[in-house]
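Heads up: the structure comes next, in structure tokens.
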Amino acid sequence: MKTLDFLRRFTTFLIMLITLSSYANEPAKVKFIPNSQTIIPGEIVSKSSKSIAAPIGDYHEAPIIKIFINKKGPYFFILATGSELTYISDKLAENLNLPVVQNFNKVDDTNAVHVNEKLYLADEMDIGGFVVKNYAILSTVLLDKDYLNTKAHVDGVLSANAFYGMLMTTDYRKENIHLEKGALNQDDKNVLKLIKSPVPTIQAQINFAKLKKQEIQNFVLNTYNFRFIYVNSCKIPELHQFEGKQGERLEDIDGIKSIADFAQLYGSIVLSESIIINSPYIHFGQDACNDNVIAGQFGKKFFETYKVTLDLENGLTRIVKY
């Protein structure tokens, strides 16, 4: 199974470069979350709430959204809520003649991939009638190459930050996303606080019955992760001694191989008093153990089980079982 793990690796160093850059070409139009270097749209224009078709791709196993850029298209983007940035095919960005904000030329933090990418400014991105204006998006040649399977071509990867200031609900049963203005109610028992992060992240308690221990871990809500629950075992090495594990070999689009183990968790994962997942099957492995924040992920099968609403502006999410 090939994944877009490269997004995480690129984001690490590209955001550092973006922070240091001067945005010489379009300094006034690039907008960030206050007190952060996370890029958001300059404005979102909408007349009313609306549901937008987001069919789940057979190959990518993630919502695919039709987008018009500067009144041209449609183009097809994967919705990846676990990506801080929105990515676009390098060739498409050039064909659209988008203005360049900044150039990058660096080897990624694994020293595996040499990148020569550009940050572009899209004047308008029409997403099902919602017009995202003045939004900076990053090009990548990896979307131009045959990494993702030519039979399942996509033009880009859409971050949830593109909808900052809106309520975005993913509905995997109906294969759509619902967008509306407003804010979540913190008093709702199904509403959880998001951890301060450039991607939607919640905190959960993992109860290991056999290991007789508890672990608090952050989990990224990521529509572009095909698993149900991925537990980062950097601080839980005992998991890899579990006899019932089954090694699953994974390969990302750069050909970098890794192994994630798969087993049933005897215990529970507690998101809140009203959201408890008992004895789930989980994947687990060690990922980015040197990062300041060790995080797991809730992926596709989580979104198939729970309807998730993101209120990024207020740092909240609502999670309700179908």
So, in nm, how far is label ASN35 from label ASN103 when the simple model puts each one 7 Å beyond its Cα toward the Cβ? 3.7 nm
Once you have the Cα-Cα distance between LYS66 and LYS189, take 0.36 nm times their residue separation minus that, and quote the gain in nm to one decimal. 40.9 nm
In this structure, among LYS118/LYS189; LYS29/LYS71; LYS71/LYS118; LYS196/LYS235; LYS91/LYS193; LYS196/LYS300, pairs with alpha-carbon gaps over 31 Å are LYS118/LYS189; LYS91/LYS193
Apply the Karplus parameterisation 6.51 cos²θ - 1.76 cosθ + 1.60, with θ equal to phi minus 60°, to every residue of region 206-211 and state each ³J(HN,Hα) to the nearest whole Hz, in sequence, with x for glycine and proline. 9, 9, 9, 5, 6, 7
What's the whole-number percent of alpha carbon pairs in region 150-199 lying beyond 16 angstrom? 61 percent
With labels modelled as points extended 7 Å from the Cα through the Cβ direction, what inter-label distance (nm, one decimal) is found for LYS181 paired with SER272? 2.5 nm
Using r as the Cβ-Cβ distance of PHE262 and ASP291, and R0 as 22 Å, what FRET efficiency do you calculate, to the nearest 0.05? 0.45
Suppose we keep just the alpha-carbon trace of region 264-309; what are its Rg and Dmax in angstrom? 12.4, 33
Quick one: which of 79-89, 184-194, 311-321, 224-234 comes out on top by average Cβ neighbours within 10 Å, and what's the full order, highest first? 79-89, 224-234, 311-321, 184-194
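Throughout, read-outs are computed from the coordinates displayed, never taken from laboratory work. Here the structure is a predicted model, which is why all the values come from computation and not from measurement. FYI the Cβ positions are ideal-geometry reconstructions off the backbone, even for glycines, and counts take in every protein chain you see.
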